Each structure stands twice: as C-alpha cells, then as structure tokens.
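The values are calculated or read from the model by the stated rules, or taken from the named source; none is laboratory data. In this text the structure is predicted, and so the values were computed from the model without any measurement. Cβ atoms come from the backbone with ideal geometry, glycine included; neighbour counts cover every protein chain shown.
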Amino acid sequence: MSKPSKPSTRKTTPTRGRADLSRLRRVTDAEIARTSPPALRNLPESVWQDVRVVSPVTKQAISIRLDQDVLDFFRASGPRYQSQINAVLRQYVEHVAAATPPRRKRVV
C-alpha cells in the first residue's frame, strides 16, 4: 500500500508578472544603483522627459526574415531580444505615423 503524498509546500499561485510591492517599497536608492545594469547607471534626468507608460498588448507570433548581422546584434543583448526588436519597430511606426498627415476620407 502506498503512502499518502504530502501536500505541496511550493507556492501554487503564479508569480510571473506580479511584483512584490511591499519588497519594492523597501528598496533603497543605493540598492537600486548597486544592482542596476551598467547601461542604466547614471542616466541624465532628461532621459525621463519623454517616458510614457505603455500598457501591454497581446503579441502575435510571426515568422520574419532578418539580416544575420541585425539578428546577431539583438541576440547579443541577451534574453528578451525579440521584445527589443518589437520596441525598435514600435518607435519607427510612431515616428512615421507622427510625420505622416492623416488621410482624408473621400466624399462621393
């Protein structure tokens, strides 16, 4: 006869995408500076002037052909390189959309 299994002590609620807000509120500026990636240390205040909150949108999986050197560049940056490619493309779309006058509807 088999033994009854013990209840799992592991946390069963998903944690991905959920911040531990109480821990984040306790983080000091010194700890943030110490753990920041080198590329983000000592950023000038002007960097934050045009920052905006972006709500996550559903992504669509596609197949895209990229030049090898372009792909190598983004892959070298580490994990989430596809998100970085998406961010560059989004900036391009917003730039072009802002520079293009809106089209008028044709009245028949």
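Residues that are among the hydroxyl-bearing types (Ser, Thr, Tyr) and outside any helix (DSSP H, G or I) within the range 69-97 comprise just one, SER77. Annotation: LEU66 fulfils all but one of (1) of a type in the set (A, V, I, L, M); (2) in a helix (DSSP H, G or I); (3) at pLDDT 85 or above; (4) surrounded by 10 or more Cβ atoms within 10 Å (Cβ to Cβ); the unmet one is (2).
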